[in-house]
Structure formats: structure tokens, C-alpha cells
């Protein structure tokens, strides 16, 4: 399926730049605080564009919308490869599609999420989203592993260190070009039969707003621990190289990918909401425990164990949202639940960068884990009785 292919290509680019971003900005002379500000700008910009897509994007058409987003991806890579000063970087970050995390928070996401359910029956919906998440996690992990290549080029004097790191953003642009070509081949059948077939939120408005508010708490916590900031903490706390950090994130991404398949089986037994909470809550306890580990080995063990659980909720959560709204509301629901997530996650990186500038202890991990655990408990309390049609 072409949408799975494009998800994989974008995820590879995201995994690559999420590890390289912090060293590249450090070489450019940015402090940890300013790096956090750049990461915050990427998330705020993604939220703004995603909101525009949810409110008016359906008028442009889905295929054209995805092509425009691909052009933005190409321009973003060029911008990060060529700009080296703070304020211009901040502008590129805000306007572009750069993703500082292994997960997808870009404008592509709500459009693809709305398209996927119409390609499978309701009983296969969660499995389809699991494959979508699996593809993203595996290719994102491969991208993280590939982050060691620029460092190797610099160490062997093939390129200067600055240009070696910039090459990762050039690869990101090239991937955007490939993604553009894939979207251009999408069938016209992905468009609604008429433009009115896609509507703003109607009967599902209340439940979507409640879910959106809760997802924002989770995203607020997640903003403290996006992959670029985890890399920054590992660099500062343990003095890791880019290559070693990339290997760590490869394995965390691989475990996250495999967990998506397990999530489908658990969801069939426990239901979507309980699967989200019962897998996510232990993962957040492990996240909070990581900074207290006395050595690198135990810290990595916590991060790996967390990764085996933390992303199980991703396909399940998306499947749940698409199940509890009408088909015509799905694009708007995808946008409304993703925009607040992007906005909420944008606060954390700036605060986390400020903390990491002053101490090597992982306060961002503790705060992020506590916020995400709070989300788990509140979600279970409010929505355990609201079931999708296939669970009734």
C-alpha cells in the first residue's frame, strides 16, 4: 500500500534527523536552551499547519494536500542544511515539517489517518493502524541507526563535521522528493465522492473534544522526552557519540515496532481503552526511573523496556478515535485530536532544554513520565465505558 510506503520513507527521515539535529545545532553554536526553542518551533508550526488542514484542507483535495506537504518537507531539509543562525533556523523550524521525534507529528499524519480506515473493514481497522505504526517504527529505527553515517564520514575526513551533519538534512530533502512522487501516483479514488462528504465535527464533537484534551496531557509530557532531547540528555549525561546514540534509538525503535503487532492481540482481549492504559502506564514508570539509574547500562535497559511498551497505544488510540466518530467526521477528528497534541508537546522541549542546560540529571524524563501516567489514569476513568462498535 502506497500510504505505508510513504509513512516508512518519512519515518526514516525523521529517525535520521532526530538524532543528528542536536549535534548539528550545537556545532552551529546554539545553546541547549536555544536548541529547545528550535524544537518547540517545529512542533508549534506543525500544529498550526495541521489545524489549517483540518479546518480548510479538504477543499484542496487529499492528494494535492499531501503533495504540498511533500514540497514543504523538501524545503525544510534544504533550510536546515543551509541556515546556521538561530533566528532564521527558528523560522525554518516553524514553517517546515521537521520532526524531532521518532513518532509522526507532521501535517501528513491526519490526512493519512483519515484515509486508512476507508481501505479496510472495521474489524481489521486496528490491525491496519498497527501495520502503519509498525512501518513507521521500523524505518524510523533504521533512520536512527543511519545517523552514525555522517559521524563516520567526519571521522574518516571524507567531509568536515559540520558538512557531514548537514548531509543528513539533504537526505531528508531527497526523501521528500521520493514521497512527492509516491503521492502523485495515488488514485483519484482517495477523494470523497463530493466535497461535502468531508464535514466538520458534528455528533461526535463532545467525545472528540474530551479525547483531544486528554491526548494533550500525554503530548505535554511527551514534549519533555522527544527523541532529540533524549539524545541531548544521553550526550550530556554519559558523553555518548552520535553513532552509539543512533544504535540505542535503533533498538528502541525496533522494540516499538514489534510492540505494535502485539497491541492488536491484546486489544482483541482487553478492548482498545484498556490496552492503551495497561501498556502505557508501566512504560511511563520506567521512563521516570531512567534518570535514577547509576550507570549507562541500566539507563539503557529502562529505555529499552519502556520502548517495548510505550508505543502499543499508538495504533490502538488512532483506531479508537476513527471508530467512535462517523466516517464523514474522520478528517476533522484526526486534525482536532492531533493539533492540541502538537501544541501541548511544543511546550516541553523549551523547558527541557532549559533544564538540561543547568543539570545533567534527567528531570525532563521524570516530569514527562509523571504527566503521561496522569493521562493514563484519567483516560481509563472517563472512557472505559465508551466502546467502539466492534466491542459492543
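Throughout, read-outs are computed from the coordinates displayed, never taken from laboratory work. Everything numeric here is computed off the predicted structure, so don't read it as measured data. In this analysis, Cβ positions are derived from the backbone assuming ideal geometry, glycine residues included, and neighbour counts consider all displayed protein chains.
For this structure, a couple of remarks:
- The stretch between residue 269 and residue 378 holds 37.1 nm of extra length on full extension. This uses 0.36 nm per residue minus the Cα-Cα distance.
- Shape call, the chain: gyration tensor on alpha carbons, a/c limit 1.5: oblate
- Ranked for footprinting exposure by Cβ neighbours inside 10 Å, fewest first, 280, 156 give 156, 280.
- Ordered by the number of other Cβ atoms lying within 10 Å of each residue's own Cβ, fewest first, 87, 354 fall into the sequence 87, 354.
- The modelled label-to-label distance between residue 87 and residue 152, using points 7 Å beyond Cα along the C-beta direction, is 4.1 nm.
- In terms of other Cβ atoms within 10 Å, 313, 376 run from fewest to most in the order 376, 313.
- Our estimate of slack between residue 360 and residue 174, defined as 0.36 nm per intervening residue step minus the Cα-Cα distance, is 63.4 nm.
- Take each peptide in 34-41, 177-184, count the other Cβ atoms within 10 Å of every residue, and average; sorted highest first, the result is 34-41, 177-184.
- Mean residue ellipticity (222 nm) of the chain, computed from DSSP H runs ≥ 4 via -39,500 (n - 2.57), nearest 500: -26000 deg cm²/dmol
- Sites residue 206 and residue 75, calculated FRET efficiency, Cβ-Cβ separation with R0 45 Å, nearest 0.05: 0.70
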